[in-house]
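What follows is a short report on a single structure.
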Amino acid sequence: MKQTKIRTLLSSHNTGENVLVKGWVRTKRGNKNIAFIALNDGSTIKNIQVVADVSVFGENLLKEITTGTCLAVTGKLVESQGQGQNVEIAATSIDIYGKCDAETYPLQKKGHSMEFLREIAHLRPRTNTFGAVLRIRHAIAFAIHKYFNDKGFFYLHTPIITGSDAEGAGEMFHVTTLDMGNVPRTETGAVDFSIDFFGKPTNLTVSGQLEGELGALALGEIYTFGPTFRAENSNTPRHLAEFWMIEPEMAFYELNDNMDLAEDFVKYLIRYALDNCHDDLEFLNNMIDKGLLDRLRFVTENEFVRMTYTDAVKILVDSAEKWEYPVGWGKDLQAEHERYLVEKHFKRPLILTDYPKEIKAFYMKMNDDGKTVRAMDVLFPGIGEIIGGSQREENYDKLLQRIREMNLPERIYWWYLETRKFGTAPHSGFGLGFERMIQFVTGMSNIRDVIPFPRTPKNAEF
RNA sequence: UCCUCAGUAGCUCAGUUGGUUAGAGCAACGGACUGUUAAUCCGUGGGUCGUAAGUUCGAGUCUUACCUGGGGAGCCA
């Protein structure tokens, strides 16, 4: 007989049908005569109830069925006599694939702390919370590809290993095949990378943007969606050393087009989750974050506020708040400032634009004032900066001037500069932190709990 | 990396001004119960108090260093 997924069975009306399900035991209850086994196969957050007669299966077999045990159950799909579920399986045979020693199995019927579950990341996907998060993570990933594909964007695969530093900022992980116990040296004592695998120093990418621009200046509209690596010693609930990023890059888009796309994109993703992940979101709304569903609906139904950095600074200066960090034009906005604007002043997502050039990356397009650049940051409640983007500087001379002003290694950007020499075009793009998006959609407060196997300082166990 | 809080049973925690035999709830295990819903009820076992040093007659409790984790900050997505 062919296996049926529990998700399918729970919405089935074909009672009387013989079915086969396979999954893991969540709980077992019962008495001398009858056992109730809640079985979950990961297809949905809901379990199917398997009803087993002790007289048919014997106490010995049922004794072996404990929380975590993997089973194959055949039986008849019947209307449930009890409350809490419409259908259940009256078991006719039960095969145990894998027993699960109840004394040492770390997952119990009751809830666990997120901190404890991180220590057993190999088993935590079996919990309701992580099952829900991982299904939603999948759904959003799928929605990202669907959104861009439907709009005619092309998925561009930018390299993971790179010889350039995309923004001149941020520590990078080195990639090498040199013998770390016996590092070759040049005559001057420097590491001799000429005999390394690539013949030069290489790193794991911190962003696919620069290569993404090359794609946009040929294919029109592209996006990247891949892992990104930052060797920063960041210990916060919003940072990972390995995270996934989506970076659309569009020829002929100016900053307003870029903002329109960013807003439409994130609203699409949230709406997709609301439309396709109802059971999981409802669980998270009940167990993790009571305001989750209301917040998701609010974001999809309301326009994001758009305002310049300069106007935002005015609001902050005029407010009665006491700041730990001073506010003033030219200073970068601190977390407390962003939080005030998003959560107290506007109470909705906010897009800030036209930041001072000094606090932004070299590739952003200079405004006519010569002081600000065409940057945009999308700020979300609870998350902070979820998107950072800009219109790119398409003028060769201005771009070169910025590289020199910021003392960046001009030589390694030769191919990037050539795009401005050969048929340059106005273009824009942005980066969305995938895990931060999942945090917002799931209500999970720590980014380590929205990726299966988080990579953070001192943690690469699984 | 900085600030701050924490680390005691499988899990979540309590443990008094330092005091002699370390506590609870849940889980597990044994039993009871004719359909349960995180079942319920009765009972049982379970501890190198994060690691190392120090102070003291005596340290879970005080001191120092280190390790690990949470929260906040910085960096950013």
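The values are calculated or read from the model by the stated rules, or taken from the named source; none is laboratory data. Note that the coordinates shown come from a computational prediction; the quantities given were computed from them, not determined experimentally. Virtual Cβ from ideal backbone geometry, glycine too; neighbours counted across all protein chains shown. For accessibility, only protein heavy atoms count, side chains too; no ligands or nucleic acids. Shrake-Rupley method; radii C 1.70, N 1.55, O 1.52, S 1.80 Å.
Summary of values
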quantity	calculated
Dipole magnitude (debye, nearest 20) for region A:62-133, charges at Cβ of Lys, Arg, Asp, Glu	100
Alpha-carbon spread of region A:276-345, three principal axes, descending order, Å	46, 25, 19
Estimated D of region A:223-326 in µm² per second, where Rh is the Kirkwood radius over Cα pairs and Stokes-Einstein applies at 37 °C, 0.692 mPa s	187
Which of A:Met245, A:Ile447, A:Gly431, positive extreme of dipole for chain A (C-beta unit charges)	A:Ile447
Dipole magnitude of region A:6-105 about its Cα centre (Cβ charges: Lys, Arg +1; Asp, Glu -1), debye to nearest 20	180
Positive-pole candidate from A:Gly291, A:Met180, A:Thr104, dipole of chain A, charges at beta carbon	A:Thr104
Dipole of region A:6-105, positive direction: furthest Cα of A:Asn18, A:Gly58, A:Asn47, with charges on the beta-carbon	A:Asn47
Antiparallel %, DSSP beta bridges [both residues in chain A], to 5	85
Fraction of accessible area attributable to carbon and sulfur, chain A (%, probe 1.4 Å)	49
Kirkwood Rh, angstrom, region A:321-439 [1 / mean 1/r, Cα pairs]	15.9
Sorted largest first, extent of region A:6-105 alpha carbons per principal axis (Å)	38, 29, 23
Assigned charges on the beta-carbon of Lys, Arg, Asp, Glu; chain A dipole about Cα centre (debye)	1400
Using alpha carbons only: equivalent-ellipsoid semi-axes of region A:86-153, gyration tensor based, whole Å	33, 21, 11
Binned Cα-Cα distance frequencies in region A:74-215 - 10 Å width, integer %	8, 17, 21, 21, 17, 11, 4, 1, 0
Accessible area (Å², per residue) of chain A, counting only protein heavy atoms and a probe of 1.4 Å	50
Mean shadow area of chain A over all directions, Cα convex hull, nm²	28.5
